[in-house]
Every structure is written in structure tokens, then in C-alpha cells.
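Have a look at the structure below before the remarks.
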Amino acid sequence: MNTTTIIFDLGGVLIDWNPRYLYRKIFDDEERMEYFLENICTSDWNEQQDGGRSLAEGTNLLLEQHREWEQEIRAFYDRWEEMLGGVLQGTLDILTRFKESGNYRLYALTNWSSETYPIAKERYEFLSWFEGVLVSGEEKMKKPDPKFYQLLLDRFDIEASESLFIDDNLRNVKAARAMGIEAIHFHNSAQLKQELKERGVAYL
């Protein structure tokens, strides 16, 4: 493939984000913590904030339904920064090689709240390396909505057939492929290096 553009997901690919980093400080019981994350502050609920709903509205919605979990619910966004575990160094090394080579256009497409993304942007210098970043919370649309991918292509004049998308969520990978964008389902940096090599994408 003639790849000219690399599109990165952020959380789970370049940035290690996990609510358990916070909630292990709050819960003494791992099973109770997992119940809370699977039934109260769920991934689906968090994605609504990624899609543009305000943190306050999302929090208040849960408080109305689960008043007995008030402290734990409020902690999700009050202490959100404690969910950041740092960078995934192996992937950052690959991104660094891409940047230094100058051979590819670099973009990011992320499901992220517009209210918490600035925290990450201030913390991680490499987020300024991209020619463009589309944040779902800012655009009021999110992966795997085809419109979100199309917006990236249109806004930055990207050719789908010359692009490679990297995401840790298979749902998002399949959506990219349906748009004519080659995509890699990310598991770890060693696997990513191998798949880049197989596609003839040089990162060294």
C-alpha cells in the first residue's frame, strides 16, 4: 500500500488510561470496584461524555440514579487525572520515529471528553506533534460513527486509500476499514511494529 498518512488513536495506544488506577485507591475490595465500573460508572456512560455531554450532566445523571454511590461517582471526574498511567513507551518510540523521518503525515482521532483532553494535552508534549487532532467531545461525534472518520478526511484533505489507522478497539478498526482506511488492531508495540513491517510502512 502507498501509505502517506498515519492516524493514531490515543487512549490505549499512546496513553495508558484506566479508571482502575484511581478506583483501587478508593475501593478495598477488587470485586466491589469491578461491580461499580461495570454497573455504575460504565464505559458506555463515559462514552457519552466523550461524545459531547458535559461532565456535570453525566455526573448528575448518575447521582439521580445511584445516590448511595455519590462519593465514588463524583471521584470519576473530580480525580480523573489519577486515571492517567503515563505513556505507552513502545508506541511513543514508533511515533517518534515517524516524526523524525518526516515521511508521513501524522494525525490523531480520539474519543475523549473536551473537558478532560486539555489535561492530557498539557501533560504529554507529543500531542503537539500531530498535524491535526480530532477530539470527539469537541466535534460532538465519536468513533465508530462513519461521520467522525469522514470529518477527519475532509478537514485535513486526507486520502482514505493512502491512510493507516491504529486503534486498540476492534469496533473502531472495523469502522475505519468500512471507510476504505487500512487499519491495525493494536495490542502492543511489538505487534504494531510487525504489522507495520508487513505493510511496508517504515518507522526506522
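The values are calculated or read from the model by the stated rules, or taken from the named source; none is laboratory data. Nothing here was measured: the structure is a model prediction, and the numbers come from that model. Positions of Cβ are backbone-derived with ideal geometry, glycine not excepted, and every protein chain shown enters the neighbour counts. Surface accessibility is based on the protein's heavy atoms, side chains included, excluding ligands, DNA and RNA. Shrake-Rupley method; radii C 1.70, N 1.55, O 1.52, S 1.80 Å.
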* To do: Return yes when THR3 is farther than 19 Å from HIS66 by Cβ and surrounded by 13 or more Cβ atoms within 10 Å (Cβ to Cβ) and no when it is not.
  => yes
* Close pairs (6 angstrom Cβ cut-off, 6 or more residues apart or separate chains): on the phi < 0 side of the Ramachandran plot in the range 78-98, open to solvent by less than 40 Å² (accessible area, probe 1.4 Å) and of a type in the set (S, T, N, Q) anywhere -> TRP80/THR116; GLY90/SER189; THR91/SER189
* Structure fact -> Selection from the range 136-160 of residues in contact (Cβ under 8 Å) with a residue 40 or more places away in the chain, in a helix (DSSP H, G or I) and either under 14 Å from GLU182 (Cβ atoms) or among the basic types (Lys, Arg) (or both) yields TYR149
* **Flag for GLU57 being without any contact (Cβ under 8 Å) to a residue 12 or more places away in the chain and loosely packed, with under 14 Cβ neighbours inside 10 Å** => yes
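This table checks each residue for (1) farther than 12 Å from ILE7 by Cβ; (2) modelled with pLDDT under 95; (3) of a type in the set (Lys, Arg).
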{"position": "LEU127", "(1), (2), (3)": "yes, no, no"}
{"position": "TYR149", "(1), (2), (3)": "no, no, no"}
{"position": "SER163", "(1), (2), (3)": "no, no, no"}
{"position": "GLN191", "(1), (2), (3)": "yes, no, no"}
{"position": "ARG199", "(1), (2), (3)": "yes, yes, yes"}
{"position": "ALA202", "(1), (2), (3)": "yes, yes, no"}
* To do: Hey, can you tell me all the residues within the range 60-97 that are of a type in the set (Gly, Ala, Ser), in a helix (DSSP H, G or I) and surrounded by fewer than 17 Cβ atoms within 10 Å (Cβ to Cβ)?
  => GLY90
* To do: May I ask you to list the residues in the range 92-127 that are small (Gly, Ala, Ser) and closer than 14 Å to ILE15 by Cα?
  => ALA108, ALA120
* How many residues are over 30 Å from GLN191 (Cα atoms) and of a type in the set (A, V, I, L, M) if we restrict to the range 59-104? -> 5
